[in-house]
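The values are calculated or read from the model by the stated rules, or taken from the named source; none is laboratory data. The structure presented is a predicted model; accordingly, all values stated were derived computationally and were not measured. Here the Cβ positions follow ideal geometry from the backbone for every residue, glycine too, while neighbour counts run over all protein chains shown. These area figures cover heavy atoms from the full protein model, side chains too; ligands, DNA and RNA do not enter into them. Shrake-Rupley method; radii C 1.70, N 1.55, O 1.52, S 1.80 Å.
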Amino acid sequence: MAFELEKTKKIIERDAEVYPGFARMPYYPLAVARGHGAILEDFDGNEFIDLLSSASALNTGHAHPRIVNAIKEQAEKYITYTAAYMYSEPLVKYAEALIGVTPGDYEKKVAYGNCGSDANDGAIKLARAYTGRKKIVSFIGAYHGSTYGALSLSAISLNMRRKIGPLLGEIEHIEYPDCYRCRYGKEPASCGLECLGALKKAMTTYMPPEDIAAVIIEPIQGDGGLIVPPNRYMKALFEMCREHGILFVSEEVQQGFGRTGKWFGIEHFDVVPDMLILGKSIGSGVPLSAIVGRKEIMDSMDAPAHLFTMSGNAMACAAAHETLEVIKDEKLIEKSANLGDYAKERFQALMEEYEIIGDVRGLGLSIGVDLVKDRKGKEGNREAAAKICYRCWEKGVIIIFLGDGVLRFQPPLVITREEIDKAIDVIEESMKEYMAGDIPDEILETAKGW
Ligand SMILES: Cc1ncc(COP(=O)(O)O)c(C=O)c1O
(Lines give C-alpha, C1' and ligand atoms only; values in the text may rest on other atoms or scores of the structure.)
Protein backbone atom coordinates (compact mmCIF):
# COMPACT_ATOMS: atom_id res chain seq x y z
CA MET A 1 0.00 0.00 0.00
CA ALA A 2 1.46 3.31 -1.09
CA PHE A 3 -0.22 5.61 1.40
CA GLU A 4 -0.43 6.28 5.15
CA LEU A 5 -3.43 4.91 7.00
CA GLU A 6 -2.45 5.44 10.61
CA LYS A 7 -5.32 7.72 11.66
CA THR A 8 -7.89 5.79 9.63
CA LYS A 9 -6.87 2.53 11.31
CA LYS A 10 -7.42 4.05 14.76
CA ILE A 11 -10.95 5.11 13.79
CA ILE A 12 -11.67 1.61 12.52
CA GLU A 13 -10.43 0.06 15.78
CA ARG A 14 -12.74 2.36 17.77
CA ASP A 15 -15.60 1.65 15.37
CA ALA A 16 -15.30 -2.10 15.97
CA GLU A 17 -15.97 -1.49 19.67
CA VAL A 18 -19.13 0.55 19.30
CA TYR A 19 -20.77 0.05 15.89
CA PRO A 20 -22.65 -3.16 15.05
CA GLY A 21 -21.61 -5.28 12.10
CA PHE A 22 -25.15 -5.58 10.71
CA ALA A 23 -25.07 -1.96 9.61
CA ARG A 24 -22.16 -2.10 7.19
CA MET A 25 -21.02 -4.07 4.13
CA PRO A 26 -17.33 -3.15 3.97
CA TYR A 27 -15.21 -2.88 0.83
CA TYR A 28 -12.01 -1.22 2.11
CA PRO A 29 -10.94 0.95 5.04
CA LEU A 30 -12.09 4.46 4.18
CA ALA A 31 -13.16 7.09 6.71
CA VAL A 32 -14.01 10.39 5.04
CA ALA A 33 -12.54 13.51 6.63
CA ARG A 34 -13.66 16.02 3.99
CA GLY A 35 -14.86 16.29 0.42
CA HIS A 36 -15.38 18.82 -2.35
CA GLY A 37 -16.97 18.22 -5.73
CA ALA A 38 -16.15 14.64 -6.70
CA ILE A 39 -13.04 14.46 -4.50
CA LEU A 40 -12.81 12.88 -1.06
CA GLU A 41 -10.04 13.06 1.49
CA ASP A 42 -9.51 10.57 4.31
CA PHE A 43 -8.13 11.26 7.79
CA ASP A 44 -4.58 10.62 6.64
CA GLY A 45 -4.78 13.18 3.86
CA ASN A 46 -5.15 10.66 1.00
CA GLU A 47 -7.32 11.87 -1.88
CA PHE A 48 -9.80 9.85 -3.91
CA ILE A 49 -12.06 10.38 -6.92
CA ASP A 50 -15.52 9.40 -5.74
CA LEU A 51 -17.47 7.14 -8.11
CA LEU A 52 -20.07 6.22 -5.49
CA SER A 53 -21.55 9.56 -4.31
CA SER A 54 -22.30 8.11 -0.89
CA ALA A 55 -24.51 5.46 -2.53
CA SER A 56 -25.99 7.88 -5.06
CA ALA A 57 -26.99 10.26 -2.27
CA LEU A 58 -24.78 13.19 -3.30
CA ASN A 59 -25.60 14.02 -6.89
CA THR A 60 -24.49 17.62 -6.32
CA GLY A 61 -21.13 16.45 -4.99
CA HIS A 62 -19.47 17.05 -1.66
CA ALA A 63 -19.99 20.26 0.27
CA HIS A 64 -21.42 22.26 -2.61
CA PRO A 65 -20.91 25.87 -1.43
CA ARG A 66 -24.46 26.98 -2.33
CA ILE A 67 -25.98 24.06 -0.46
CA VAL A 68 -23.68 24.54 2.54
CA ASN A 69 -24.81 28.19 2.63
CA ALA A 70 -28.49 27.27 2.40
CA ILE A 71 -28.05 24.87 5.33
CA LYS A 72 -26.20 27.50 7.37
CA GLU A 73 -28.74 30.21 6.66
CA GLN A 74 -31.68 28.04 7.67
CA ALA A 75 -29.86 26.63 10.73
CA GLU A 76 -29.13 30.15 11.94
CA LYS A 77 -32.85 31.03 11.72
CA TYR A 78 -34.17 27.75 13.17
CA ILE A 79 -33.16 24.17 12.43
CA THR A 80 -36.62 22.71 12.47
CA TYR A 81 -39.95 22.78 14.19
CA THR A 82 -42.20 19.81 13.84
CA ALA A 83 -44.64 19.92 10.94
CA ALA A 84 -46.71 17.31 12.79
CA TYR A 85 -48.32 20.15 14.77
CA MET A 86 -47.28 23.41 13.14
CA TYR A 87 -46.73 24.94 9.68
CA SER A 88 -43.44 25.41 7.89
CA GLU A 89 -42.58 27.74 5.01
CA PRO A 90 -39.43 25.82 3.87
CA LEU A 91 -41.56 22.65 3.67
CA VAL A 92 -44.18 24.35 1.49
CA LYS A 93 -41.59 26.10 -0.69
CA TYR A 94 -39.78 22.85 -1.40
CA ALA A 95 -43.00 20.91 -2.07
CA GLU A 96 -44.01 23.55 -4.64
CA ALA A 97 -40.62 23.33 -6.34
CA LEU A 98 -40.61 19.54 -6.30
CA ILE A 99 -44.09 19.31 -7.80
CA GLY A 100 -42.79 21.61 -10.55
CA VAL A 101 -40.19 19.09 -11.74
CA THR A 102 -42.02 15.78 -11.27
CA PRO A 103 -43.73 14.06 -14.21
CA GLY A 104 -47.51 13.92 -14.53
CA ASP A 105 -49.88 16.62 -15.59
CA TYR A 106 -52.14 16.21 -12.59
CA GLU A 107 -52.59 17.81 -9.17
CA LYS A 108 -50.06 16.49 -6.65
CA LYS A 109 -49.13 16.64 -3.01
CA VAL A 110 -45.87 15.84 -1.23
CA ALA A 111 -45.41 13.82 1.98
CA TYR A 112 -42.06 13.90 3.76
CA GLY A 113 -39.92 11.53 5.78
CA ASN A 114 -36.32 11.04 6.75
CA CYS A 115 -34.99 8.28 4.52
CA GLY A 116 -35.79 6.22 1.46
CA SER A 117 -36.99 3.31 3.58
CA ASP A 118 -39.74 5.27 5.33
CA ALA A 119 -40.92 6.69 1.99
CA ASN A 120 -41.40 3.11 0.74
CA ASP A 121 -43.45 2.33 3.84
CA GLY A 122 -45.54 5.43 3.21
CA ALA A 123 -46.17 4.43 -0.40
CA ILE A 124 -47.44 1.00 0.71
CA LYS A 125 -49.82 2.65 3.18
CA LEU A 126 -51.09 5.16 0.62
CA ALA A 127 -51.58 2.53 -2.08
CA ARG A 128 -53.58 0.36 0.29
CA ALA A 129 -55.60 3.25 1.70
CA TYR A 130 -56.46 4.72 -1.68
CA THR A 131 -57.37 1.50 -3.48
CA GLY A 132 -58.80 -0.44 -0.54
CA ARG A 133 -56.68 -3.38 -1.78
CA LYS A 134 -53.93 -5.18 0.08
CA LYS A 135 -51.45 -6.74 -2.32
CA ILE A 136 -48.28 -5.00 -3.47
CA VAL A 137 -46.13 -6.28 -6.33
CA SER A 138 -42.38 -5.70 -6.10
CA PHE A 139 -39.32 -7.27 -7.66
CA ILE A 140 -36.76 -9.96 -6.94
CA GLY A 141 -33.36 -8.31 -6.62
CA ALA A 142 -34.79 -5.03 -5.32
CA TYR A 143 -33.51 -3.17 -2.29
CA HIS A 144 -36.03 -0.70 -0.89
CA GLY A 145 -34.63 -0.18 2.60
CA SER A 146 -34.51 -1.45 6.14
CA THR A 147 -37.76 -0.50 7.84
CA TYR A 148 -40.25 -3.37 8.03
CA GLY A 149 -42.32 -2.25 5.05
CA ALA A 150 -39.32 -1.46 2.85
CA LEU A 151 -37.52 -4.65 3.71
CA SER A 152 -40.66 -6.67 3.07
CA LEU A 153 -40.69 -5.15 -0.43
CA SER A 154 -37.00 -6.01 -0.85
CA ALA A 155 -35.75 -9.36 -2.12
CA ILE A 156 -32.00 -9.11 -2.29
CA SER A 157 -30.46 -10.60 0.85
CA LEU A 158 -31.47 -13.40 3.18
CA ASN A 159 -29.59 -11.74 6.04
CA MET A 160 -32.05 -8.86 5.84
CA ARG A 161 -34.89 -11.27 6.51
CA ARG A 162 -33.37 -13.85 8.83
CA LYS A 163 -34.37 -13.94 12.52
CA ILE A 164 -36.70 -10.93 12.44
CA GLY A 165 -40.01 -12.07 10.98
CA PRO A 166 -42.86 -11.94 10.49
CA LEU A 167 -42.54 -9.38 7.75
CA LEU A 168 -45.34 -7.42 6.14
CA GLY A 169 -47.75 -9.72 4.36
CA GLU A 170 -49.41 -9.59 0.96
CA ILE A 171 -46.27 -8.67 -0.94
CA GLU A 172 -45.70 -10.56 -4.18
CA HIS A 173 -42.20 -10.58 -5.68
CA ILE A 174 -41.82 -11.08 -9.41
CA GLU A 175 -38.70 -11.22 -11.56
CA TYR A 176 -37.17 -7.96 -12.80
CA PRO A 177 -36.61 -7.86 -16.56
CA ASP A 178 -32.94 -8.66 -17.09
CA CYS A 179 -32.01 -8.73 -20.77
CA TYR A 180 -28.35 -9.59 -20.19
CA ARG A 181 -29.19 -12.73 -18.24
CA CYS A 182 -32.56 -13.44 -19.85
CA ARG A 183 -33.96 -16.54 -18.18
CA TYR A 184 -35.82 -17.36 -21.37
CA GLY A 185 -32.73 -17.25 -23.59
CA LYS A 186 -34.21 -14.48 -25.71
CA GLU A 187 -32.49 -11.73 -27.67
CA PRO A 188 -34.15 -8.31 -28.11
CA ALA A 189 -35.38 -9.36 -31.56
CA SER A 190 -37.05 -12.54 -30.30
CA CYS A 191 -38.25 -11.17 -26.94
CA GLY A 192 -41.97 -11.49 -26.35
CA LEU A 193 -41.75 -10.07 -22.82
CA GLU A 194 -41.78 -13.59 -21.43
CA CYS A 195 -40.62 -12.18 -18.06
CA LEU A 196 -43.97 -10.44 -17.65
CA GLY A 197 -45.62 -13.84 -18.05
CA ALA A 198 -45.37 -14.75 -14.36
CA LEU A 199 -47.42 -11.73 -13.35
CA LYS A 200 -49.96 -12.39 -16.11
CA LYS A 201 -50.21 -16.02 -15.00
CA ALA A 202 -50.57 -15.00 -11.35
CA MET A 203 -53.38 -12.64 -12.30
CA THR A 204 -55.31 -15.46 -13.94
CA THR A 205 -54.64 -18.24 -11.42
CA TYR A 206 -54.11 -17.15 -7.81
CA MET A 207 -53.84 -13.37 -7.51
CA PRO A 208 -56.99 -11.56 -8.56
CA PRO A 209 -55.90 -8.25 -10.11
CA GLU A 210 -58.61 -6.45 -8.15
CA ASP A 211 -56.68 -7.38 -4.96
CA ILE A 212 -53.51 -5.58 -6.12
CA ALA A 213 -53.04 -2.06 -4.80
CA ALA A 214 -49.76 -1.14 -6.49
CA VAL A 215 -46.69 -2.19 -8.39
CA ILE A 216 -43.57 -0.59 -6.91
CA ILE A 217 -40.70 -0.65 -9.40
CA GLU A 218 -37.28 0.97 -9.70
CA PRO A 219 -36.73 2.45 -13.19
CA ILE A 220 -33.28 0.86 -13.06
CA GLN A 221 -32.85 -1.89 -10.52
CA GLY A 222 -30.03 -0.34 -8.50
CA ASP A 223 -28.57 -2.58 -5.84
CA GLY A 224 -29.69 -5.65 -7.78
CA GLY A 225 -26.90 -4.84 -10.27
CA LEU A 226 -27.91 -1.69 -12.17
CA ILE A 227 -30.25 -3.52 -14.51
CA VAL A 228 -32.00 -1.42 -17.15
CA PRO A 229 -35.39 -2.76 -18.23
CA PRO A 230 -36.46 -2.59 -21.85
CA ASN A 231 -38.78 0.28 -22.68
CA ARG A 232 -41.43 -2.13 -23.93
CA TYR A 233 -41.52 -3.94 -20.62
CA MET A 234 -42.21 -0.81 -18.60
CA LYS A 235 -44.94 0.22 -20.99
CA ALA A 236 -46.61 -3.20 -20.93
CA LEU A 237 -46.44 -3.31 -17.12
CA PHE A 238 -47.91 0.18 -16.92
CA GLU A 239 -50.74 -0.77 -19.25
CA MET A 240 -51.53 -3.84 -17.16
CA CYS A 241 -51.72 -1.59 -14.12
CA ARG A 242 -54.03 0.84 -15.89
CA GLU A 243 -56.27 -1.96 -17.12
CA HIS A 244 -56.80 -3.29 -13.59
CA GLY A 245 -56.83 -0.06 -11.56
CA ILE A 246 -53.44 -0.86 -9.99
CA LEU A 247 -51.25 2.09 -8.97
CA PHE A 248 -47.91 2.36 -10.76
CA VAL A 249 -45.25 3.63 -8.36
CA SER A 250 -41.74 4.61 -9.46
CA GLU A 251 -39.14 4.05 -6.74
CA GLU A 252 -36.60 6.76 -7.47
CA VAL A 253 -34.61 6.77 -4.24
CA GLN A 254 -31.41 5.77 -6.03
CA GLN A 255 -32.12 6.65 -9.66
CA GLY A 256 -33.87 9.98 -9.17
CA PHE A 257 -32.77 13.58 -9.21
CA GLY A 258 -30.68 13.71 -12.35
CA ARG A 259 -28.78 10.48 -11.79
CA THR A 260 -29.94 8.92 -15.09
CA GLY A 261 -29.73 12.06 -17.25
CA LYS A 262 -33.34 13.05 -16.60
CA TRP A 263 -34.93 14.40 -13.44
CA PHE A 264 -36.42 10.96 -12.76
CA GLY A 265 -35.48 7.56 -14.11
CA ILE A 266 -39.04 6.73 -15.09
CA GLU A 267 -39.00 9.59 -17.61
CA HIS A 268 -36.89 7.39 -19.89
CA PHE A 269 -39.94 5.20 -20.33
CA ASP A 270 -43.10 6.41 -21.86
CA VAL A 271 -45.24 6.12 -18.71
CA VAL A 272 -46.54 8.51 -16.05
CA PRO A 273 -46.45 7.08 -12.51
CA ASP A 274 -49.14 7.68 -9.91
CA MET A 275 -46.55 8.15 -7.16
CA LEU A 276 -42.82 8.76 -6.93
CA ILE A 277 -40.73 7.63 -3.98
CA LEU A 278 -37.74 9.91 -3.39
CA GLY A 279 -34.81 10.01 -1.00
CA LYS A 280 -31.03 10.07 -0.98
CA SER A 281 -29.91 12.89 -3.33
CA ILE A 282 -32.90 15.18 -2.86
CA GLY A 283 -31.32 16.65 0.28
CA SER A 284 -27.70 16.49 -0.92
CA GLY A 285 -26.81 14.46 2.14
CA VAL A 286 -29.17 16.03 4.65
CA PRO A 287 -31.65 13.26 5.57
CA LEU A 288 -34.92 13.78 3.72
CA SER A 289 -37.37 11.63 1.80
CA ALA A 290 -40.52 12.45 -0.09
CA ILE A 291 -43.51 10.80 -1.68
CA VAL A 292 -45.02 12.78 -4.53
CA GLY A 293 -48.38 11.51 -5.65
CA ARG A 294 -51.70 12.29 -7.24
CA LYS A 295 -53.65 14.60 -4.93
CA GLU A 296 -56.50 12.12 -4.48
CA ILE A 297 -54.08 9.37 -3.41
CA MET A 298 -52.29 11.68 -1.00
CA ASP A 299 -55.65 12.72 0.50
CA SER A 300 -56.75 9.13 1.12
CA MET A 301 -55.40 8.70 4.68
CA ASP A 302 -56.38 10.45 7.89
CA ALA A 303 -54.04 11.99 10.48
CA PRO A 304 -51.87 10.70 12.04
CA ALA A 305 -51.46 7.88 9.51
CA HIS A 306 -47.95 8.77 8.37
CA LEU A 307 -45.92 11.46 10.07
CA PHE A 308 -42.56 11.83 11.75
CA THR A 309 -41.41 14.52 14.17
CA MET A 310 -38.72 15.48 11.69
CA SER A 311 -40.82 15.15 8.50
CA GLY A 312 -40.03 18.05 6.22
CA ASN A 313 -37.28 19.26 8.54
CA ALA A 314 -36.77 22.96 7.72
CA MET A 315 -33.01 22.68 7.33
CA ALA A 316 -33.36 19.59 5.11
CA CYS A 317 -36.00 21.33 2.98
CA ALA A 318 -33.72 24.37 2.59
CA ALA A 319 -30.89 22.07 1.49
CA ALA A 320 -33.25 20.24 -0.87
CA HIS A 321 -34.58 23.44 -2.41
CA GLU A 322 -31.07 24.68 -3.10
CA THR A 323 -30.16 21.24 -4.47
CA LEU A 324 -32.96 21.54 -7.00
CA GLU A 325 -31.82 25.04 -8.00
CA VAL A 326 -28.18 23.91 -8.31
CA ILE A 327 -29.21 21.02 -10.55
CA LYS A 328 -31.07 23.48 -12.80
CA ASP A 329 -28.44 26.26 -12.79
CA GLU A 330 -25.46 23.98 -13.35
CA LYS A 331 -27.33 21.91 -15.96
CA LEU A 332 -26.43 18.76 -14.06
CA ILE A 333 -29.09 16.72 -15.81
CA GLU A 334 -27.64 17.45 -19.25
CA LYS A 335 -24.20 16.86 -17.78
CA SER A 336 -25.25 13.50 -16.40
CA ALA A 337 -26.60 12.48 -19.81
CA ASN A 338 -23.49 13.63 -21.72
CA LEU A 339 -20.85 12.41 -19.29
CA GLY A 340 -22.81 9.19 -18.88
CA ASP A 341 -22.64 8.55 -22.63
CA TYR A 342 -18.95 9.35 -22.58
CA ALA A 343 -18.19 7.02 -19.65
CA LYS A 344 -20.27 4.26 -21.21
CA GLU A 345 -18.31 4.55 -24.46
CA ARG A 346 -15.06 4.29 -22.52
CA PHE A 347 -16.26 1.18 -20.67
CA GLN A 348 -17.53 -0.31 -23.93
CA ALA A 349 -14.06 0.20 -25.42
CA LEU A 350 -12.61 -1.66 -22.43
CA MET A 351 -15.15 -4.42 -22.99
CA GLU A 352 -13.80 -4.91 -26.53
CA GLU A 353 -10.38 -5.50 -25.03
CA TYR A 354 -11.08 -7.44 -21.83
CA GLU A 355 -13.14 -10.64 -21.79
CA ILE A 356 -13.80 -10.16 -18.10
CA ILE A 357 -16.34 -7.42 -18.88
CA GLY A 358 -19.56 -9.14 -19.88
CA ASP A 359 -21.86 -6.16 -20.11
CA VAL A 360 -21.88 -2.37 -19.79
CA ARG A 361 -25.29 -0.81 -19.19
CA GLY A 362 -26.92 2.21 -17.69
CA LEU A 363 -28.54 5.58 -18.22
CA GLY A 364 -26.75 8.86 -17.56
CA LEU A 365 -24.26 8.56 -14.73
CA SER A 366 -25.84 5.37 -13.42
CA ILE A 367 -23.71 2.68 -15.05
CA GLY A 368 -23.05 -0.95 -14.22
CA VAL A 369 -19.98 -2.77 -15.50
CA ASP A 370 -20.77 -6.46 -15.19
CA LEU A 371 -17.69 -8.61 -14.57
CA VAL A 372 -18.06 -12.27 -15.52
CA LYS A 373 -16.08 -15.50 -15.20
CA ASP A 374 -16.62 -16.11 -18.89
CA ARG A 375 -18.80 -14.42 -21.46
CA LYS A 376 -20.68 -17.53 -22.46
CA GLY A 377 -21.81 -18.63 -18.97
CA LYS A 378 -22.18 -14.99 -17.78
CA GLU A 379 -21.61 -16.06 -14.18
CA GLY A 380 -20.76 -12.99 -12.10
CA ASN A 381 -17.11 -12.64 -11.09
CA ARG A 382 -17.36 -11.53 -7.50
CA GLU A 383 -13.72 -12.14 -6.70
CA ALA A 384 -12.57 -10.00 -9.62
CA ALA A 385 -14.95 -7.23 -8.63
CA ALA A 386 -13.82 -7.27 -5.00
CA LYS A 387 -10.14 -7.22 -5.92
CA ILE A 388 -10.51 -4.56 -8.58
CA CYS A 389 -12.50 -2.27 -6.26
CA TYR A 390 -9.91 -2.73 -3.53
CA ARG A 391 -7.02 -1.95 -5.89
CA CYS A 392 -8.90 1.11 -7.18
CA TRP A 393 -9.15 2.39 -3.62
CA GLU A 394 -5.40 1.86 -3.17
CA LYS A 395 -4.89 3.92 -6.31
CA GLY A 396 -7.21 6.75 -5.27
CA VAL A 397 -10.60 5.81 -6.74
CA ILE A 398 -13.72 4.97 -4.73
CA ILE A 399 -15.90 2.40 -6.44
CA ILE A 400 -17.86 -0.59 -5.07
CA PHE A 401 -19.50 -3.61 -6.60
CA LEU A 402 -23.07 -4.89 -6.41
CA GLY A 403 -24.52 -8.37 -6.64
CA ASP A 404 -22.14 -10.97 -7.95
CA GLY A 405 -19.69 -8.61 -9.61
CA VAL A 406 -21.19 -5.42 -11.04
CA LEU A 407 -18.98 -2.34 -10.70
CA ARG A 408 -21.19 0.52 -9.58
CA PHE A 409 -20.33 3.70 -11.47
CA GLN A 410 -22.41 6.51 -9.95
CA PRO A 411 -20.15 9.55 -9.45
CA PRO A 412 -21.48 12.94 -8.31
CA LEU A 413 -22.98 14.69 -11.33
CA VAL A 414 -20.50 17.55 -10.82
CA ILE A 415 -17.57 15.29 -11.73
CA THR A 416 -15.39 16.57 -14.59
CA ARG A 417 -14.53 14.69 -17.76
CA GLU A 418 -10.86 14.73 -16.70
CA GLU A 419 -11.76 13.09 -13.38
CA ILE A 420 -13.80 10.47 -15.22
CA ASP A 421 -10.87 9.75 -17.53
CA LYS A 422 -8.46 9.47 -14.63
CA ALA A 423 -10.81 7.17 -12.71
CA ILE A 424 -11.49 4.87 -15.67
CA ASP A 425 -7.73 4.67 -16.34
CA VAL A 426 -7.32 3.48 -12.74
CA ILE A 427 -10.12 0.91 -13.18
CA GLU A 428 -8.36 -0.39 -16.31
CA GLU A 429 -4.98 -0.61 -14.56
CA SER A 430 -6.59 -2.45 -11.63
CA MET A 431 -8.31 -4.84 -14.02
CA LYS A 432 -4.98 -5.63 -15.68
CA GLU A 433 -3.37 -6.20 -12.29
CA TYR A 434 -6.20 -8.54 -11.33
CA MET A 435 -5.77 -10.50 -14.54
CA ALA A 436 -2.01 -10.72 -13.95
CA GLY A 437 -2.75 -12.22 -10.51
CA ASP A 438 -1.17 -9.24 -8.73
CA ILE A 439 -3.96 -8.60 -6.21
CA PRO A 440 -3.63 -10.88 -3.17
CA ASP A 441 -6.46 -13.05 -1.84
CA GLU A 442 -6.15 -11.50 1.65
CA ILE A 443 -8.09 -8.47 0.53
CA LEU A 444 -11.18 -10.70 0.22
CA GLU A 445 -11.26 -10.70 4.02
CA THR A 446 -11.95 -6.97 3.93
CA ALA A 447 -13.85 -6.54 0.65
CA LYS A 448 -17.06 -8.33 1.60
CA GLY A 449 -19.64 -6.29 -0.28
CA TRP A 450 -23.32 -7.24 -0.47
C1 LIG B 1 -33.65 2.00 -4.47
C2 LIG B 1 -33.50 2.25 -3.01
N3 LIG B 1 -34.61 2.42 -2.27
C4 LIG B 1 -34.55 2.65 -0.96
C5 LIG B 1 -33.33 2.70 -0.31
C6 LIG B 1 -33.30 2.94 1.17
O7 LIG B 1 -32.97 4.26 1.42
P8 LIG B 1 -32.46 4.68 2.88
O9 LIG B 1 -31.19 3.93 3.10
O10 LIG B 1 -32.26 6.15 2.78
O11 LIG B 1 -33.51 4.31 3.84
C12 LIG B 1 -32.15 2.53 -1.03
C13 LIG B 1 -30.86 2.56 -0.36
O14 LIG B 1 -29.87 2.08 -0.80
C15 LIG B 1 -32.24 2.30 -2.42
O16 LIG B 1 -31.15 2.11 -3.16
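On a per residue basis, the convex hull of the C-alpha atoms belonging to the stretch 66-329 measures out at 135 Å³.
Between TYR354 and TYR184, the contour length at 0.36 nm per residue exceeds the alpha carbon distance by 58.5 nm.
Computed across the stretch 141-264, the Kirkwood hydrodynamic radius from all distinct Cα-Cα pairs reaches 15.7 Å.
How fast does the chain diffuse by Stokes-Einstein, in µm²/s, taking the Kirkwood radius from C-alpha pairs at 10 °C and 1.306 mPa s?
Details: Rh = 22.6 Å.
Roughly 70 µm²/s, to the nearest whole number.
Calculated mean residue ellipticity at 222 nm for the chain: -11500 deg cm²/dmol, from DSSP H runs with n ≥ 4 weighted as -39500 (n - 2.57), summed, divided by the residue count and rounded to 500. Using a 1.4 angstrom probe on heavy atoms only, work out the carbon and sulfur share of the accessible area of the stretch 241-287 in %. That fraction is 47 percent. Measuring against 27 Å, Cα to Cα, the residue pairs LYS295/LYS335; LYS125/LYS331; LYS93/LYS125; LYS344/LYS373 contain LYS295/LYS335; LYS125/LYS331 as the ones spanning a longer distance. One chain, two ends: SER157 and LYS7. Fully extended at 0.36 nm per residue, the span grows by 50.7 nm beyond their Cα-Cα distance. DSSP assigns beta bridges within the stretch 66-329; of those with both partners inside it, close to 45 percent run antiparallel. If a paramagnetic tag sat 7 Å from the Cα of ARG66 along the Cα-Cβ line, which residues of the stretch 280-312 would have the backbone N under 19 Å from that point? Residues 281-286 fall inside that zone. Inter-part distance, the stretch 139-176 to the stretch 115-134, computed on C-alpha centroids, equals 15 Å. In terms of overall dimensions, the C-alpha atoms belonging to the stretch 1-135 reach 58, 40, 30 Å along their principal axes, ordered largest to smallest.
Comparing ILE212, CYS115, ILE415 along the charge dipole axis of the chain, the residue lying farthest to the positive side is ILE212, per the Cβ-charge model. Counting only Cβ charges, +1 for Lys and Arg and -1 for Asp and Glu, the dipole size of the stretch 199-346 around its Cα centre is about 420 debye.
Here the simple spin-label model places points 7 Å from the Cα toward Cβ, and for GLU194 and MET86 these points are separated by 6.1 nm. Annotation: extensible slack from LEU168 through THR416 equals 84.9 nm (criterion: 0.36 nm per residue apart, minus Cα-Cα distance).
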